[in-house]
1. For segment 39-56, just list the computed ³J(HN,Hα) in residue order, Karplus coefficients 6.51, -1.76 and 1.60, θ = phi - 60°, integers in Hz, with x standing in for Gly and Pro.
2. Which whole-Hz ³J(HN,Hα) couplings does segment 106-112 yield from phi under the Karplus relation 6.51 cos²θ - 1.76 cosθ + 1.60, θ = phi - 60°, glycine and proline marked x?
3. Take the Cβ-Cβ distance between residue 95 and residue 64 as r, set R0 to 35 Å, and report the resulting FRET efficiency rounded to the nearest 0.05.
4. Between residue 115 and residue 87, 0.36 nm times their residue separation minus their Cα-Cα distance comes to what?
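Just so it is clear, none of the values below were taken in a lab; they were calculated from the coordinates. Note that the coordinates shown come from a computational prediction; the quantities given were computed from them, not determined experimentally. Neighbour counts are summed over all protein chains in view; Cβ atoms, including those assigned to glycine, are modelled from backbone coordinates with ideal geometry.
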Amino acid sequence: MPAGGRGRGADPRPAVRDGAGLRAGLLLDLAPPADHVAGRWALALLLVGYLVGRVRPESRPTATTVVATVAAASFVGTSVFALSGVVLSDPVVGVGETLSVLAVSLVWDVLLTPFVLPPLMALFRRLEPVHAL
């Protein structure tokens, strides 16, 4: 094994690893058995997770930036789910209903963020292992 503990095929650049994971997830989400509701949500959440994971603030995020990130993630996730239904000819929901669902989900996510996110972040900080220097 080369110096640094990396295997021969490992790429040290995070962008390459992230891109490979994204492509593998997209391939699995778009495979023929996944063209149902669970597969569509998996695709939407995969893209949201990737995009939010790429956001790297230079300083500690403010409440405004956190709520804006939640709003953007809500919009992207719901839009991808709805558009994948349109592409796959989902007969349940039309375009008009899709727009109203987008608006309602965005409002609910933004309104619930101040109540849900702070306790979760406190829990994550408490559960995070102590790093020895």
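1. x, 5, 5, 4, 4, 4, 6, 4, 5, 5, x, 5, 5, 5, x, 7, 6, 10
2. After applying 6.51 cos²θ - 1.76 cosθ + 1.60, I find 5, 5, 4, 4, 5, 5, 7 Hz.
3. 0.65
4. On the way: separation 28, 0.36 × 28 = 10.08 nm, distance 3.50 nm.
Here the segment from residue 115 to residue 87 would lengthen by 6.6 nm.
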